[in-house]
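The values are calculated or read from the model by the stated rules, or taken from the named source; none is laboratory data. Note that the structure is predicted; figures quoted are calculated from it, not measured. Because the Cβ atoms are built from the backbone with ideal geometry, glycine has one as well, and the counts that use them run over all protein chains shown.
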Amino acid sequence: MTLPARMKFGIFLAPFHHLGENPTLGFDRDLELIQWLDHLGYDEAWIGEHHSSGWETIASPEIFIATAAERTRHIRLGTGVTSLPYHHPFHVASRMVLLDHLTRGRAMLGVGPGALASDAHILGIEQTRQREMMDESMTVIMRLLTETEPFSVDYDWFKLRDGALHVRPYTQPHFPIAVASAQSPAGMALAGKYGLGVLSTSVFIGVRGAVDLRDQWKIAEESAAKHGRTVSRDEWRLVIPTYLAESREEARREIRAKAGSWLCDYFRDTIGRPIPKDVAPEALADRMMDNGFWIVGTPDDAITALRRFDEQSGGYGGLAILAHEWAPRHKILQSYELLARYVMPVFQGSLTSLNRSNAWAQKESGNLFAKVTESIERAHQAWEKRPGG
């Protein structure tokens with residue numbers, strides 16, 4: 001197994017809220033979920049940025065993170081992701097430095113070109129330029145975070161004159177940064193260019209079909225070598241929908257309807273993915289589960305799936321569960337608890353000493369209990385032989 005000694009576990013919170021529900025309560029549920037994950041010992045939560053489509057309702061992950069940070073103690077909180085073409089890079093860097101200080105080092109920056117074509121349309125951004133704009137923005141952000149002398153740049157969509165951060169990062173040299181990677185080479189290439197982490201967001205569904213994770217990582221390594229950097233698989237998170245229950249049948253039954261409607265109502269009808277209309281939503285969900293694109297079943301099924309992704313990828317560093325609301329609220333929370341209780345320990349080294357200690361105790365139990373019996377018998381004999389006994 002090529003996984004790290006301690007894998008990271010977290011969520012990728014777009015968030016996806018089905019239409020027809022109170023958005024205020026949706027925000028509350030998202031915050032409560034992160035509090036629950038903090039209690040369970042999850043490592044991180046990545047919060048999305050979206051401005052249209054009706055489903056993904058958080059417009060500013062930074063504001064959400066600031067709120068969540070006040071309600072949690074340990075979990076790291078990242079933008080998942082900040083769409084760089086939507087912002088001046090000086091603002092991105094400055095806001096993240098502020099969060100870095102306010103959270104005492106729990107903030108992380110996730111970046112991407114922007115996932116929704118409708119967002120780019122509203123902002124008047126040429127969609128074919130978004131990945132190029134992301135690269136240009138990231139160049140400036142990295143310079144702001146790592147250089148102290150003012151510098152100027154002049155691009156066709158933003159300018160910077162004598163720019164330098166007003167406040168330096170709390171985390172040295174800077175907070176963790178990860179690049180979203182779907183199917184195009186752009187995300188992996190940018191991660192390699194600067195030696196950054198990766199959030200692979202199309203493990204479960206892609207425009208061109210199944211993603212070849214090994215080929216994707218090769219792009220990051222080749223880009224890193226070209227620019228004199230290194231990339232670490234430990235900082236590579238796979239974003240995968242996950243749902244656990246006491247039995248595989250129960251897990252599948254509980255999510256089929258809403259998971260299927262999510263595929264059709266969101267991916268097909270809202271953002272235009274080529275998903276067939278002549279197949280029932282539940283059958284589409286079954287295909288995703290049967291083909292292993294989603295992790296659905298028992299904790300043992302999840303352990304098997306994570307090891308399978310290890311083989312397919314050549315090694316990765318973390319699971320970012322694609323947060324969803326495919327089952328009743330209490331069942332969703334239970335799913336996260338099952339993973340924390342039975343899956344996380346297997347991949348974080350928590351059970352090694354316990355299992356070894358138990359195996360030794362079982363092997364020696366006969367001899368050890370014989371000594372207990374002997375000790376009790378000696379105590380009885382001593383009592384019976386006491387003066388005046």
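Only one of THR24, THR67, THR2, THR72 is buried (at least 16 other Cβ atoms within 10 Å of the Cβ), among the β-branched types (Val, Ile, Thr) and over 18 Å from PRO176 (Cα atoms); which? Before the answer, list the steps.
Numbers: THR24 fails: buried (at least 16 other Cβ atoms within 10 Å of the Cβ); THR67 fails: buried (at least 16 other Cβ atoms within 10 Å of the Cβ); THR2 fails: buried (at least 16 other Cβ atoms within 10 Å of the Cβ).
Result of the check over THR24, THR67, THR2, THR72: THR72.
Search the range 35-54 for residues that are outside the structural domain of GLY78 (by TED's automatic domain parsing) and pair each with any residue that is crowded, with 16+ Cβ neighbours inside 10 Å when their beta-carbon atoms are under 9 Å apart and the residues are at least 6 apart or on different chains.
Filtered contacts from the range 35-54: no entries.
Residues of the range 308-331 being in a helix (DSSP H, G or I) and either touching a Leu at 6+ places or on another chain (Cβ under 8 Å) or on the phi > 0 side of the Ramachandran plot (or both), which ones?
Residues of the range 308-331 in a helix (DSSP H, G or I): 308-313, 329-331.
Residues satisfying the conditions are PHE309, ASP310, GLN312, SER313.
Per-residue answers, yes or no, for (1) in contact with a Pro (Cβ under 9 Å, 6 or more places away or on another chain); (2) touching a residue at least 24 places away in the same chain (Cβ under 8 Å); (3) assigned by TED's automatic domain parsing to the domain that holds LYS218:
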{"site": "ALA259", "(1), (2), (3)": "yes, yes, yes"}
{"site": "THR270", "(1), (2), (3)": "no, yes, yes"}
{"site": "ILE275", "(1), (2), (3)": "no, no, yes"}
{"site": "ARG287", "(1), (2), (3)": "no, no, yes"}
{"site": "VAL296", "(1), (2), (3)": "yes, yes, yes"}
{"site": "LEU306", "(1), (2), (3)": "no, yes, yes"}
{"site": "GLY314", "(1), (2), (3)": "no, yes, yes"}
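Give me the pairs, please: first residue somewhere in the range 365-389 and at pLDDT 90 or above, second residue anywhere and outside any helix (DSSP H, G or I), beta-carbon distance under 9 Å, and either six or more positions apart or on two chains.
Pairs found: TRP383/GLY389.
Which residue, of VAL211, VAL203, is more than 15 Å from VAL111 (Cα to Cα) and either touching a Lys or Arg at 6+ places or on another chain (Cβ under 9 Å) or surrounded by 24 or more Cβ atoms within 10 Å (Cβ to Cβ) (or both)? Can you show your working first?
On the way: VAL211 fails: either touching a Lys or Arg at 6+ places or on another chain (Cβ under 9 Å) or surrounded by 24 or more Cβ atoms within 10 Å (Cβ to Cβ) (or both).
Of the residues listed, the single one that is more than 15 Å from VAL111 (Cα to Cα) and either touching a Lys or Arg at 6+ places or on another chain (Cβ under 9 Å) or surrounded by 24 or more Cβ atoms within 10 Å (Cβ to Cβ) (or both) is VAL203.
Looking at the range 146-166, which of the residues that are part of a loop (DSSP other than H, G, I, E, B) and either modelled with pLDDT under 95 or of a type in the set (Ser, Thr, Tyr) (or both) is surrounded by the fewest Cβ atoms within 10 Å (Cβ to Cβ)?
First, the residues of the range 146-166 that are part of a loop (DSSP other than H, G, I, E, B): 147-150, 155-158, 164-166.
Next, from what is left, pick out any that are either modelled with pLDDT under 95 or of a type in the set (Ser, Thr, Tyr) (or both): 148, 155.
Details: THR148: 8, TYR155: 14.
Among those that are part of a loop (DSSP other than H, G, I, E, B) and either modelled with pLDDT under 95 or of a type in the set (Ser, Thr, Tyr) (or both), it is THR148.
Which residues, counting only those in the range 5-16, are farther than 29 Å from SER350 by Cβ and surrounded by fewer than 22 Cβ atoms within 10 Å (Cβ to Cβ)?
PHE16
Kindly indicate which of ALA115, ALA107 is within 23 Å of the chain's Cα centre (by Cα), under 18 Å from SER60 (Cα atoms), at pLDDT below 95 and assigned by TED's automatic domain parsing to the domain that holds ILE58.
Working: ALA107 fails: at pLDDT below 95.
Exactly one of ALA115, ALA107 is within 23 Å of the chain's Cα centre (by Cα), under 18 Å from SER60 (Cα atoms), at pLDDT below 95 and assigned by TED's automatic domain parsing to the domain that holds ILE58, namely ALA115.
For the range 237-246, does any single residue satisfy the condition of being in contact with a helix residue (DSSP H, G or I) (Cβ under 7 Å, 6 or more places away or on another chain), assigned to a helix (DSSP H, G or I) and either within 19 Å of ARG308 (Cα to Cα) or not acidic (Asp, Glu) (or both)?
Within the range 237-246, not a single residue is in contact with a helix residue (DSSP H, G or I) (Cβ under 7 Å, 6 or more places away or on another chain), assigned to a helix (DSSP H, G or I) and either within 19 Å of ARG308 (Cα to Cα) or not acidic (Asp, Glu) (or both).
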